Amino acid sequence: MKKLLVLFLALGLTLALAACGSTDDVSTGAEKTQESSDSTKKSNKSDGSKKIDASNQKTEVLGMKVNLGDVKIMKDKINVGINIENTTNSVLNFYPDQGKAVIGDMQIEANLFMTDGSIGGEVEGGVKQDGIIQFLAPDGKEIDVKGVKEIKLKFGDVTTEDFMKNKDVSFTIPVK
């Protein structure tokens, strides 16, 4: 019984560390100092990934500022750093961790359980949040990292507290 408990603890720790490590090098764009874009655009030769500085991608919708940070493309997922700020005095509803990404003819869904940080929901007035959203490739499929020319991110609607106004938040990120 004791060996089984140790095995489960070791497995749990391994999975927790693996999940955390995959977002460590993705910036949410909320930090004051950004790495230079030269260092964030390079491919990682050891794992075949590509990281893009998307911090120039910004919008404001119904008083919700939405800014991107880094986007890291891997064969099994895409990690997107994002930060938001509700600039109003009212609650705004926004659920970017339930969005989707479109790459060529493949649509991949955000995995709300693997989001790193607290991002979205019922966001009170004046609140800032940041996190990293993971979009997982469908089972049995891989993302062709070198073949990606653009990523369309569709984060859904920002909705006012009374649900009378809503507006979509989407970005198209060119990949070079």
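For segment 88-105, a tally of residues being under 20 Å from Gly117 (Cα atoms) and either aliphatic (A, V, I, L, M) or more than 9 Å from the chain's Cα centre (by Cα) (or both) returns 9.
When the test is whether a residue is of a type in the set (D, E, K, R), at pLDDT 95 or above and over 16 Å from the mean Cα position of the chain (by Cα), Lys128 does not pass it.
Please verify whether segment 39-58 includes one or more residues that are in contact with a Phe, Trp or Tyr (Cβ under 8 Å, 6 or more places away or on another chain), closer than 25 Å to Phe113 by Cα and either at pLDDT 70 or above or in a loop (DSSP other than H, G, I, E, B) (or both). Within segment 39-58, one or more residues are in contact with a Phe, Trp or Tyr (Cβ under 8 Å, 6 or more places away or on another chain), closer than 25 Å to Phe113 by Cα and either at pLDDT 70 or above or in a loop (DSSP other than H, G, I, E, B) (or both). Set side by side, the residues Ala101, Ala110 differ, and just one is crowded, with 18+ Cβ neighbours inside 10 Å, modelled with pLDDT of 95 or more and under 15 Å from Val175 (Cβ atoms), which is Ala101. Output the residue which, of all residues in segment 81-98 that are β-branched (Val, Ile, Thr) and surrounded by fewer than 18 Cβ atoms within 10 Å (Cβ to Cβ), is nearest to Val175 (Cα to Cα). Here the answer is Thr87.
The values are calculated or read from the model by the stated rules, or taken from the named source; none is laboratory data. Keep in mind it's a predicted model, so treat the numbers as computed, not measured. Neighbour counts run over all protein chains shown; Cβ positions are idealised from the backbone, glycine included.
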